[in-house]
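Working notes, beginning with the structure itself.
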Amino acid sequence: LSRFLRWGLQLAWQLRCQPPDLISAAYQELNRHAVLLGVLLRRPAICHLFDDTPASLYRIRWAHRSAAIVACSQAMAAQWASIPGATQKLRVIYPGIDPAQFRRRSDARSRIRREFGVGDEERLIGVVSRLSPEKGVRDFVEAFGACLGRGIHARALVVGDASNSTAAYADEVRRLAA
């Protein structure tokens, strides 16, 4: 509590000295704080959606009190489509990436396969995703298991992490894949 109070006082002092024109919390768990701060300071606040959002009561409050709602994908935006007042404020802005990091390098395929113990001639099927139900990673693992059961020889690679709200799902996927 004392750490939070100290942080709150520091923030209040900074806001008093230099009030913001806009409040934006690009971190899922801080959205409600950004919106509350926007209401208190009478400044526009932007919510950024990167992950599953809390219960719909929060969604409704955020939608009404936010100047804008930014989703990182169409799937994330679709979760907000039924919230009254959200669709007029909702925009999809995809996370920026550097395409140069995905250019094919001649040695990368063999090196990465060696790192994971996959032979050059083996089939490798993979998923790169956040480990959450809407991404269908569990479906992938189940389908891959069914392929192995039918005699299809391949290896699977799942790359991703989970948020606090999807940790149980990620654990379930890991147990299923083991």
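Shown for the chain: the carbon plus sulfur share of the solvent-accessible area, taken with all protein chains present and a 1.4 angstrom probe, equals 57%. Rounded to the nearest 0.05, the FRET efficiency derived from the C-beta distance between D120 and Q74 at R0 = 35 Å is 0.45. Only protein heavy atoms count here; under a 1.4 Å probe, D98 has an accessible surface of about 90 Å².
For S24, nonlocal amide neighbours, meaning residues 5 or more places apart or on other chains whose placed amide H falls under 5 Å from its own, are I46. Surface analysis of the range 69-178 yields an accessible area of 69 Å² per residue, using protein heavy atoms and a 1.4 Å probe.
With r as the distance between the Cβ atoms of A67 and Q10 and R0 = 22 Å, compute the FRET efficiency 1/(1 + (r/R0)^6) and round to 0.05. With a Förster radius of 22 Å, E is 0.35. Taking all Cα pairs closer than 8 Å and separated by 6 or more residues, the relative contact order of the chain comes to 13 percent. Using C-alpha pairs under 8 Å with a sequence gap of at least 6, the mean separation divided by the residue count of the range 98-178 gives a relative contact order of 34 percent. Listed values (i) 64, 36, 35; (ii) 64, 39, 33; (iii) 48, 39, 31 include one computed from this model; for Cα extents along the principal axes in Å that value carries the label (i). The largest accessible area among S66, S163, S2 belongs to the first residue in S2, S163, S66, and the rest follow in falling order (1.4 Å probe, all chains).
Applying 1/(1 + (r/R0)^6) with r as the Cβ-Cβ distance of A154 and I93 and R0 = 41 angstrom yields a FRET efficiency of 0.70.
The values are calculated or read from the model by the stated rules, or taken from the named source; none is laboratory data. Fair warning: this is a prediction, and the values are worked out from it, not measured in the lab. Cβ sites come from the backbone with ideal geometry, for glycine too, and all protein chains shown count toward neighbours. Ligands, DNA and RNA are excluded from the accessible area calculation, which covers all protein heavy atoms including side chains. Shrake-Rupley method; radii C 1.70, N 1.55, O 1.52, S 1.80 Å.
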